[in-house]
Amino acid sequence: MEIDKAIRNCNDRRLKTKYNNAIYVVKRALALYSTEEVAFSFNGGKDSTVLLHILRAAFFLHKEEEGCSVDGLEKFPIRIIYFESPSAFPEINSFTYDTATNYGLVMDIIQTDFKSGLEALLKSRPIRAIFLGVRIGDPTAVGQEQFSPSSPGWPPFMRVNPILDWSYRDVWAFILTCKVQYCSLYDQGYTSIGSIHDTLPNALLCISNSSGSKEKFRPAYLLSDGRSERAGRAKRFSPSVLNPKSNGMSNTDLQKQSMLTASVIAVGDEILFGTVKDQLGLSLRRKVHSIGWSISHTSIVRNDMDSVAEEVELRRSSDEMVFIYGGVGPLFSDATLGGIAKAFGVRLAPDEEFEEYLRHPIGEQCTGDRNEMAQLPEGITELLHHEKLSVPLIKCHNVIVLTATNIMELDLQWDCLIELTRTGDLFPLLEPYKSKHLTTKLSDVEIAPSLAKLCLEFPDIHIGCYRESRSGPIIISFQGKNEERNQLATEALSKKFQPGAFSEINLHSPETLRLKF
């Protein structure tokens, strides 16, 4: 019952909701099936670990509702199915057996494949339902619901998925809140664990190491973007068998160079109404690409605290970084900081250090006892000082607030931010994106199949098409970290058509340069 108590006493409302829903699914299953008719497929991973403790809590809560005394219930009666594989990490096996000992679990150890093992087990035991730690986003989750019959061709049983709607963030929130033990691999940078043949530490958690010694990784719960959970699921290739098209780049290098994403949020009713032009957005996106990051999303929201909070909450959990500008100041419409505070579930509170900085540019213009502009999201704000800035930049976890109102101010703030990043490790600086552009008079229909295949051949390059006018030529852009790869991609496309079908153009030159292919 310590699990249930830990969740009840925490302040994470989302986690409480997810937990309550999962408990309900388990109790519903236990009402439909006897304990002899259910089993739990445990694999030692983080999702299974969460489900194990949810099952433990739900079982005792279920017994309480039935009027049974839980004082004498010490052992967990639901059988555990563990598929022991020779390709499993030793740490997974050790953790699984230690967990079974610690909680008195009754285990059925199967050393064949999943399907054959289940067929044999279900013939020997009256199992009608199996609890699985499947989550949305898992390859096996497609088409499943919380109660889903087994697939055609498989032995008949009910798949019960109590944490189907949980996110990566929810899983780690549960583990850290309940302080339960988990496999040690997660502290070594592994975020999704398969076999020893297809699992690597997640490159997004790599700690930059200039000494040349062995790479170190941050723990899995520090991965900010749950969508990158499976970024470590890659085949282990030795340098001698690297795909020749990789140009000598390892899988880890490719991950580092392509997986970091940021969002850009502009706050302003004037932009939405078309009263003013968003001058900063295009420049900021180019700056983000110049440090090797991808932009996953850009948005414009109203000068409204709820609108800002909703967008920030969504983007801070889906991207490594969020850059936000506009809506900062003393006016009633300046809702950015309040929205950020709401997104993180904290209040705005006076910050004496920030207020002292504001005295210089504002001086006696501030009325009242306190400067309202000096209120910052409490407990999550870091002030980024730079000698060239009269007022520090504001960083709230992975959200950076830019106060620039024009391109010149943005250039200054960005340059200071990059300097601070180089000295203070605010966020990784990667190889910048390099671009090539081709133009062609061929039609969309003619080039579409070849472009589709090219995207598969060069997954590390962003390939896009656009026209400057409906009747104008198609412009094909190649954005990648490696100039040689960009060149290889353009040549590969050109070889699929007649010579001269494409011309290279230099969009950054005053005079457009054209080279025939």
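Brief remarks on what is shown
- Among the candidates Ala22, Ala6, the residue that is open to solvent by less than 30 Å² (accessible area, probe 1.4 Å), small (Gly, Ala, Ser) and in contact with a Pro (Cβ under 6 Å, 6 or more places away or on another chain) is uniquely Ala22.
- Answer residue from the stretch 178-194, given it is under 27 Å from Met1 (Cβ atoms) and of a type outside the set (Phe, Trp, Tyr) and is surrounded by the fewest Cβ atoms within 10 Å (Cβ to Cβ) among those: Lys179
- Residue within the stretch 84-102 that is open to solvent by 50 Å² or more (accessible area, probe 1.4 Å) and under 19 Å from Arg28 (Cα atoms) present: no
- Filtered residues of the stretch 103-116 (kept if under 10 Å from Tyr82 (Cα atoms) and modelled with pLDDT under 85): Gln111, Phe114
- Flag for Val50 being assigned to a helix (DSSP H, G or I) and within 30 Å of Ser87 (Cβ to Cβ): yes
Yes or no, residue by residue, for (1) among the aliphatic types (A, V, I, L, M); (2) in contact (Cβ under 8 Å) with a residue 60 or more places away in the chain; (3) open to solvent by less than 60 Å² (accessible area, probe 1.4 Å):
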position	(1), (2), (3)
Trp414	no, yes, yes
Leu420	yes, no, yes
Leu451	yes, no, yes
Leu507	yes, yes, no
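- Neighbours by Cβ (under 9 Å, 6+ apart or cross-chain): first from the stretch 266-291, more than 30 Å from Ser435 (Cα to Cα) and touching a residue at least 24 places away in the same chain (Cβ under 8 Å); second part of a helix (DSSP H, G or I) and open to solvent by less than 90 Å² (accessible area, probe 1.4 Å): none
- In the stretch 91-112, the residues that are closer than 12 Å to Asn43 by Cα and hydrophobic (A, V, I, L, M, F, W, C) reach residues that are assigned to a helix (DSSP H, G or I) and open to solvent by 20 Å² or more (accessible area, probe 1.4 Å) with C-beta atoms within less than 8 angstrom, at least six apart or across chains, in these pairs: Phe95/Ser184; Ile110/Ala120.
- Checked against the criterion of being open to solvent by less than 20 Å² (accessible area, probe 1.4 Å) and of a type in the set (Ser, Thr, Tyr), the stretch 330-343 has at least one qualifying residue.
- Residue match in the stretch 67-81 (condition: of a type outside the set (Ser, Thr, Tyr) and part of a helix (DSSP H, G or I)): no
- Filtered by the rule that a residue be outside any strand (DSSP E or B) and open to solvent by less than 50 Å² (accessible area, probe 1.4 Å), the stretch 295-312 gives Asn303, Asp304, Ser307, Val308, Ala309, Glu311, Val312.
- Listed by first and then second residue, the pairs with beta-carbon distance under 8 Å, at least 6 apart or on different chains, first residue in the stretch 383-402 and assigned to a loop (DSSP other than H, G, I, E, B), second β-branched (Val, Ile, Thr) and open to solvent by 40 Å² or more (accessible area, probe 1.4 Å), are Val391/Thr403.
- Scanning the stretch 490-500 for residues that are surrounded by 12 or more Cβ atoms within 10 Å (Cβ to Cβ) and assigned to a loop (DSSP other than H, G, I, E, B) yields a count of 2.
- Members of the stretch 70-119 that are small (Gly, Ala, Ser), touching a strand residue (DSSP E or B) at 6+ places or on another chain (Cβ under 6 Å) and closer than 23 Å to His53 by Cβ: Ala100
- Selected residue (criterion: surrounded by the most Cβ atoms within 10 Å (Cβ to Cβ)) from residues of the stretch 467-489 that are modelled with pLDDT under 90 and polar (S, T, N, Q): Asn486
The values are calculated or read from the model by the stated rules, or taken from the named source; none is laboratory data. Only a predicted model underlies this, so the values are computations on that prediction, with no experimental measurement involved. Note that each Cβ is placed from the backbone with ideal geometry, even for glycine, and that neighbours are counted across all protein chains shown. Accessible surface is based on the protein model in full, side chains and every heavy atom, while ligands, DNA and RNA are left aside. Shrake-Rupley method; radii C 1.70, N 1.55, O 1.52, S 1.80 Å.
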